[in-house]
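Bear in mind these aren't lab numbers, they're just calculated from the coordinates by the rules spelled out. Every value quoted in this text rests on a predicted model; they were computed, and no experiment measured them. With ideal geometry, Cβ positions are generated from the backbone for all residues, glycine too; neighbour counts draw on all protein chains shown.
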Amino acid sequence: MEEPFEQAARAILDARYLVALTGAGISVESGIAPFRGPGGLWTKYGEPDMNGYQRFLADPKRWWEERLSGEDLRGRPELRGFENAQPNPGHLALAELERMGLLRYLITQNVDNLHYAAGNQRVAEIHGNRTKLRCIQCGARFPREEFTLETLPPRCPACQGVVKSDTVMFGEPIPSDVLEVCRNEALQADCMLVVGTSAVVYPAAELPVITRMRGGTLIEVNPLESALTRECDIVVRGPSGELLPQLVEQVKALQR
Ligand code: APR
């Protein structure tokens, strides 16, 4: 009987359409704190209230003023970890799998832009991207640096709608364009590599279930058990920064 590690490498190689779903855990080795579990932001500060988006809509100007003054970090230094975080070997391994033509799509819950920085191109960011802004009226997205923030809130050049961070706030619906892509990719997948997520936040957490319901194989890479573990066919326990590069090497060995 093959070890889970060998099983995972074989499943990745044999997949007709492999999709990855990543969570905060893949960025822990880049110095970005996760949300839940050991060292998690919510573990330390408690889960934020679910009406962030409502508060934004009530006074977008104030939201922007708080954000630009750094008030929104409210002394949570961990949130500054993003600024100069770099992709770690786990991100780079997933970029390699895309270059090898084995990873067809990558869905991430992370807003840290590290999968793009690592070189992945076929990426859906279900919770948005902190380096982008988005018009809440027409959905247009812009690189953050494209906007001068003289007038607050910034307005969309196309439709004059209010512009916010692309990062999805608590209480904000997932933008329908991204959600549709994520669901279609989960439907197409016959194998999903689930990395570094506690799998408790929806609709992201339903994506592996969609793949599973169509007979797809689920592989979990996580040092700890998650809410999805029981659904997974193959569980590889450990940090993704170590395990994903080893998995890529094992896949290459199988290809020889
Ligand atoms: N390698 C892989 N996984 C790891 C590592 C590591 N080095 N370190 C921790 N993990 C795992 C934890 O065991 C946990 O299962 O990463 C997971 C992190 O879980 P969460 O912090 O809940 O992150 P995530 O699942 O992405 O949260 C989903 O919740 O608050 C919202 O918007 C936020 O996108 C986030 C969503």
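Legend: P(r) of the range 1-70 from all alpha carbon pair distances, 10 Å bins from 0, whole percents, reading 15, 22, 30, 17, 12, 3, 0. A cut-off of 5 Å between modelled amide H atoms, ignoring neighbours fewer than 5 places along the same chain, links Glu220 with Val194, Ile234, Val235, Val236.
The length gained by stretching the chain between Leu73 and Leu13 to full extension, at 0.36 nm per residue less their Cα-Cα distance, is 17.3 nm. When you filter the trypsin sites (Lys or Arg not before Pro) in the range 1-98 for DSSP loop state and at most 13 other Cβ atoms inside 10 Å of their Cβ, you are left with Arg16, Arg74. For Leu103, the residues whose amide H sits under 5 Å from its own are Glu98, ignoring neighbours fewer than 5 places away on the same chain, with H placed 1.01 Å from N.
Per-residue extension of 0.36 nm, minus the Cα-Cα distance of Ala227 and Ala140, leaves a gain of 27.9 nm for this segment.
Bridgeable aspartates and glutamates around Lys61 (alpha carbons under 15 Å apart, same-chain partners fewer than 8 residues away excluded): Glu71, Asp72, Glu150. Computed from the C-beta positions of Gln246 and Met213, the FRET efficiency with R₀ = 25 Å rounds to 0.25.
With a/c under 1.5 counting as rounded, go ahead and sort the chain into rounded, prolate or oblate using the C-alpha gyration tensor (a ≥ b ≥ c being the square roots of the eigenvalues; past the cut-off, prolate if a/b is larger than b/c, else oblate). Prolate shape, in that a/c is at least 1.5 and a/b is the bigger ratio. Counting beta carbons within 10 Å around each of Ile174, Ile107 and listing the fewest first gives the order Ile174, Ile107.
Full extension of the chain between Asp49 and Arg99 yields a length gain of 14.0 nm, computed as 0.36 nm times the residue separation minus the alpha carbon distance.
Sequence-ordered 3J(HN,Hα) estimates for the range 163-177 from the Karplus curve with 6.51, -1.76 and 1.60 and θ = phi - 60° stand at 10, 10, 5, 5, 4, 6, 7, 5, x, 8, x, 5, x, 5, 5 Hz, glycine and proline given as x. Arranged from fewest to most other beta-carbon atoms within 10 Å of their beta carbon, His91, His115, His127 become His127, His115, His91. The chymotrypsin sites (Phe, Trp or Tyr not before Pro) of the range 73-144 include none that DSSP puts in a loop with a beta carbon having at most 16 other beta carbons within 10 Å.
For the range 107-185, the set of GluC sites (Glu not before Pro) satisfying both a DSSP loop assignment and a count of at most 11 other C-beta atoms within 10 Å is given as Glu150.
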